[in-house]
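Everything on this sheet refers to the single structure shown next.
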Amino acid sequence: MFNNHRTGRINFKSFVNYSCAVSSQSSPLMFSKIKEHIKKLEKECKSYTYLIIIVTITLILFLCILLGGLLYRYRWKLRYFYYMTKSRYHGYKSVRGDSQSDFKYDVFVSYADEDLPFVQKMIMELEKNNGIRLCIHHRDFVPGYDISKNIITAVNKSRKTVVILSPNFIKSSWCMYELHIAKMEEIYSRENESIIFLIFYEEVPVDKIPLSVMDLINQRSYIEFPNDEYGDQVFWRRVCKTLNDEVLY
């Protein structure tokens with residue numbers, strides 16, 4: 001009406017004296033203040049659908065990012081509790097010869113496949129010559145079982161976990177998995193008892209060591225493999241003594 005009046009398409013006599021009521025209960029809209037009324041109606045009739053959609057999508061994205069961050073931060077804890085709960089309710093027995101005793105093995109050895117020759121020396125020195133029961137994944141994991149369940153069962157069924165640190169270990173995702181599971185084990189199942197024993201088999205550049213591993217190195221004492229004839233004898237004696245003291249304790 002306002003536009004037609006201005007263009008002359010419809011002739012309103014004394015246009016400013018007209019009034020219009022939205023409903024019988026509302027006050028009349030005076031045409032003398034038609035511009036103010038139009039602005040008010042435009043504001044009241046404005047659609048917020050797009051704004052609501054944008055806000056909703058933004059909120060969902062924020063929650064997804066927050067949830068993803070929490071899952072990533074606590075990923076090792078969640079994996080550990082998931083498989084431990086599953087093993088309790090389904091009775092997984094992933095390590096050969098699993099018995100009802102609390103610990104089947106004295107030591108679970110965490111190592112990279114490329115460092116197997118060193119682990120074979122360890123089997124000879126610790127297991128055959130000193131009677132320390134080792135859990136070696138090449139030998140003691142049951143083929144066909146899920147490797148994650150095997151690892152958690154091995155850590156849980158061993159008194160200690162020996163980590164053979166080397167560049168190959170740092171590169172291996174499964175080795176890092178074993179290390180983090182051992183950390184979860186000592187925090188949540190062993191009441192913060194120290195169960196991780198570090199052996200530096202080969203020198204690892206500091207810039208290649210993840211922060212989580214560096215924190216562990218800074219918190220724990222460790223033994224370096226000397227790789228010479230006389231030093232090897234001293235090294236193995238120290239390892240045997242340390243592990244025997246830990247096992248007997």
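When nucleic acids and ligands are ignored and a 1.4 Å probe is applied, residue 75 ends up with an accessible area of around 80 Å².
Scanning residues 5 or more positions from residue 133 or on other chains, those with amide H under 5 Å from its amide H are 106, 107, with H placed 1.01 Å from N in the peptide plane.
Summary of packing: across the peptides 234-240, 143-149, 132-138, the per-residue average of other C-beta atoms within 10 Å ranks them, highest first, as 132-138, 234-240, 143-149. Counted by Cβ distance under 13 Å from residue 71, the other residues give a net charge of +4, where Lys and Arg count +1 and Asp and Glu count -1. The candidate values are [x] 35.9, 118; [y] 18.0, 52; [z] 18.4, 62; the one derived from this structure for Rg and Dmax of the Cα atoms in Å carries the label [x].
Karplus-based coupling profile of the stretch 122-135, in residue order and whole Hz: 4, 4, 5, 6, 8, 7, 6, 8, 10, x, 7, 6, 9, 10, with θ = phi - 60° in 6.51 cos²θ - 1.76 cosθ + 1.60 and x standing for Gly or Pro. Helix 173-188 and the long axis of the chain differ in direction by around 90°, with both axes built from C-alpha atoms. For the stretch 188-249, what does the alpha-carbon gyration tensor say about shape, rounded, prolate or oblate, given a ≥ b ≥ c as the root eigenvalues, a/c under 1.5 as rounded, and a/b over b/c as prolate? It comes out oblate by the Cα gyration axes. Rounded to the nearest whole Hz, the Karplus-based 3J(HN,Hα) values (6.51 cos²θ - 1.76 cosθ + 1.60, θ = phi - 60°) of the stretch 67-73 follow the sequence 5, x, x, 5, 4, 5, 5, with x at glycine and proline. Only the Cβ atoms of Lys and Arg (+1) and of Asp and Glu (-1) were treated as charged; on that basis the dipole of the chain about its Cα centre amounts to roughly 2380 debye.
Largest GNM mean-square fluctuation among 72, 83, 50, using the chain with Cα springs under 10 Å: 50. Using a Gaussian network model of the chain whose springs link C-alpha atoms within less than 10 Å, name the residue from 207, 115, 232 with the highest mean-square fluctuation. So, out of 207, 115, 232, the one fluctuating most is 207.
Only aspartates and glutamates eight or more places from residue 104 in sequence, or on another chain, were considered; those with a Cα closer than 12 Å are 140.
With a 10 Å cut-off between alpha carbons and a GNM built on the chain, which of 51, 67, 29 moves the most? For the chain, modelled as a Gaussian network with Cα springs under 10 Å, the answer is 29. When the chain is described by a simple charge dipole with +1 on each Lys and Arg Cβ and -1 on each Asp and Glu Cβ, the residue from 11, 199, 239 located farthest towards its positive end is 11.
Only helices enter the 222 nm calculation for the chain: every DSSP H run of n ≥ 4 contributes -39,500 (n - 2.57), and dividing by all residues gives -16000 deg cm²/dmol, rounded to 500. Model label sites at residue 209 and residue 147, defined 7 Å from Cα along the beta-carbon direction, differ in position by 2.5 nm.
The values are calculated or read from the model by the stated rules, or taken from the named source; none is laboratory data. From a predicted model like this one, the values you see are computed outputs, not experimental measurements. Backbone-built Cβ (ideal geometry, glycine too); neighbour counts: all protein chains shown. Side chains are part of the model used for accessible areas, which takes the heavy atoms of the whole protein and leaves out ligands, DNA and RNA. Shrake-Rupley method; radii C 1.70, N 1.55, O 1.52, S 1.80 Å.
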